[in-house]
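Okay, so here's the structure we're looking at.
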Amino acid sequence: MAKDVRWVGSSLDDQRALPPAVRRELGFDLRRVQQGTLPRDWKPIRAVGPGVMEIRVHLGGAFRLMYVAKFAEAVYVLHVFQKKTQKTSELDLAVARRRLALVRRTREEK
C-alpha cells in the first residue's frame, strides 16, 4: 500500500511552479517513494537531518525535491526548488531544516 504524501510549507506551490516535464519526473519518483522503493536519482541530505533525501532531476537545469519517508504514516515533502549552483545553498538547507522541525512537532502533538 502506498503512503500518503504530505506537502510541508510552500512545497506544493513550489512544485507546481516548475516546468511540466520536471513536475512529471518528480511525480514519477515521488510515486516510487510512496510505494517503498528508491527514486531513480537520489542522495541523502544529512545536513538537513536523519532520513532526509532528495530526488534529483536534470532537465534544462537542476531541480530538487527534499523529503523524509522514514515515518510510517506518510512521505513528507519538505522543499522543492531549482538548484542554481554546484553546492546546495545554505538558504535551501535552512528551509528544509525548519520544515523538518515542523513535521516533528506536528507528529508529537498527535
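The values are calculated or read from the model by the stated rules, or taken from the named source; none is laboratory data. As the structure is a prediction and not an experimental result, all values here were calculated from the model. Positions of Cβ are generated from backbone atoms using ideal geometry, with glycine treated the same way; all protein chains shown enter the neighbour counts. When the accessible area is computed, the model is the full protein with side chains, heavy atoms only, and any ligands, DNA or RNA have been set aside. Shrake-Rupley method; radii C 1.70, N 1.55, O 1.52, S 1.80 Å.
Summary of values
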{"quantity": "Residue ID - nearest to ASP92 (Cα to Cα), chosen from residues in the stretch 31-40 that are of a type outside the set (Lys, Arg) and out of contact with any helix residue (DSSP H, G or I) (no Cβ under 9 Å at 6 or more places or on another chain)", "calculated": "VAL33"}
{"quantity": "Scope the stretch 1-10; condition part of a strand (DSSP E or B) and surrounded by 13 or more Cβ atoms within 10 Å (Cβ to Cβ); matching residues", "calculated": "VAL5, ARG6, TRP7"}
{"quantity": "Every residue from the stretch 16-31 that is without any contact (Cβ under 8 Å) to a residue 24 or more places away in the chain and either crowded, with 16+ Cβ neighbours inside 10 Å or outside any helix (DSSP H, G or I) (or both)", "calculated": "ALA17, ARG23"}
{"quantity": "Check on ARG46, loosely packed, with under 13 Cβ neighbours inside 10 Å and assigned to a loop (DSSP other than H, G, I, E, B)", "calculated": "yes"}
{"quantity": "The stretch 99-108, subset open to solvent by 10 Å² or more (accessible area, probe 1.4 Å) and either outside any helix (DSSP H, G or I) or touching a residue at least 24 places away in the same chain (Cβ under 8 Å) (or both), residue farthest from VAL22 (Cα to Cα)", "calculated": "ARG107"}
{"quantity": "Every residue from the stretch 74-110 that is closer than 13 Å to ILE45 by Cβ, among the β-branched types (Val, Ile, Thr) and out of contact with any strand residue (DSSP E or B) (no Cβ under 6 Å at 6 or more places or on another chain)", "calculated": "THR88"}
{"quantity": "From the options ASP41, ASP13, residue that is more than 16 Å from LEU100 (Cβ to Cβ), of a type in the set (Asp, Glu) and open to solvent by less than 80 Å² (accessible area, probe 1.4 Å)", "calculated": "ASP41"}
{"quantity": "In the stretch 60-88, residue farthest from ARG104 (Cα to Cα) [restricted to those that are open to solvent by 80 Å² or more (accessible area, probe 1.4 Å) and more than 14 Å from the chain's Cα centre (by Cα)]", "calculated": "GLY60"}
